[in-house]
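Taken together, the values in this text are just the output of simple stated rules run on the coordinates, not laboratory data. What you see is a predicted model, and the numbers here were worked out from it, not measured in a lab. Backbone-built Cβ (ideal geometry, glycine too); neighbour counts: all protein chains shown.
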Amino acid sequence: MTLPMPTLDHVVVNVRDRLDAAVETYRRLGFTMTPRGTHTLGSINNLAIFGTEYLELLGARAGDTGRPEILGSPMGLNGLVFGTEDSAAVYTALNGAGVPVEPPLEFSRPVELAEGARDATFRVVRLKPGVTEVGRLFFCHHFNPELVWRDEWRQHANGVIGVSRAVIAARDPGVLGGLFTKMFGADAVRRSAAGCSLLVGLSRFDVVTPVGLAAEFGAAAASAEGRDTFMAALTLRVRSLERAAKAVQVPGVLRDDERIVVPASEAFGVTLELRG
């Protein structure tokens, strides 16, 4: 049995029923947002496409009872999505490793292009409910990635070119580290006094304590909202800090020689750290 290789497909920011306001905010942060998408599962989204991954603003229409995991969850980062080109093999491997996963689920959304509309189709493999409290961890298999990664959507005023890190806060980082080890193998996880990290392609997921989160981001950190484990922050790679500073047009932004930090309160619940 070969465990899947952890690569990053996209990250998900839950904006509940405020997708229009979230899109406007992220445009003020310097992102180019794709046109609105509507999934066959009922959710709606807009994306910021980077070099090899993307950021998804995910919402649902007010009163939609079909997506309780969107409207019933706190705003902020709540999805870290691994990439795969073989969803069936991922399902088989994780089952064999004792990781509780749902059978692959296929869905789509129309994409409006100059030459006409086409359907972007996906198949996902999700962990079963209750496996982890951190949020949504799943694998995404794109059947037509050319409908997602298009150069006209990769150009951002803030110069963002990729996600280099996601930060997760956990009272006991070792619990999530153990799950990642089961999913990907011991050599994919690095442990330290501060917590642990999952190596995800050219990115990584850092699992730190709430004290560690506060030490790194201070008042800009995301709120726990009563949760013991939650996704809290993203570090985004930019072409230059000067370019990013000119493009980010929201209050409360912090800056030093190495980074720009957008408080979670100004980015729909997720702290955004921009680094060159």
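Label sites at residue 105 and residue 194, each approximated as a point 7 angstrom past Cα along Cα to Cβ, lie 3.5 nm apart.
Principal semi-axes of the equivalent ellipsoid, √(5λ) from the alpha carbon gyration tensor of segment 8-153, are 24, 19, 14 Å from largest down.
Shape summary of segment 195-259, radius of gyration then Dmax from alpha carbon positions: 13.8, 37 Å. Coordinate range of the alpha-carbon atoms in the chain per principal axis, descending: 52, 50, 36 Å.
Remark: segment 112-117, residue by residue, has Karplus-estimated 3J(HN,Hα) of 8, 10, 4, 8, x, 7 Hz, where x stands for each Gly or Pro and the curve is 6.51 cos²θ - 1.76 cosθ + 1.60 at θ = phi - 60°. Translational diffusion coefficient of segment 33-117 (Stokes-Einstein, Kirkwood radius from Cα pairs, 25 °C, 0.890 mPa s): 160 µm²/s.
A straight line joining the Cα centroids of segment 140-161 and segment 199-234 runs 26 Å. Each DSSP beta bridge with both residues in segment 160-275 is either parallel or antiparallel, and the antiparallel ones are about 70%.
Our coupling estimate for segment 182-197, obtained by passing each phi through the Karplus curve with A = 6.51, B = -1.76, C = 1.60 and θ = phi - 60°, is 5, 6, 10, x, 5, 6, 8, 10, 10, 10, 8, 5, 7, x, 7, 9 Hz, Gly and Pro reported as x. Using a Gaussian network model of the chain in which every pair of alpha carbons under 10 angstrom is joined by a spring, one finds that among 172, 187, 20 the greatest mean-square fluctuation is at 187. Springs between Cα atoms under 10 Å define the GNM used for the chain, and in it the highest mean-square fluctuation of 89, 188, 244 occurs at 89. Of the two radii for segment 160-275, the radius of gyration is 0.99 times the Kirkwood radius, both from the alpha carbons; that is the Rg over Rh value. Using the Stokes-Einstein relation with a Kirkwood hydrodynamic radius computed over Cα pairs, the translational diffusion coefficient of segment 126-196 at 10 °C and a viscosity of 1.306 mPa s comes to 104 µm²/s.
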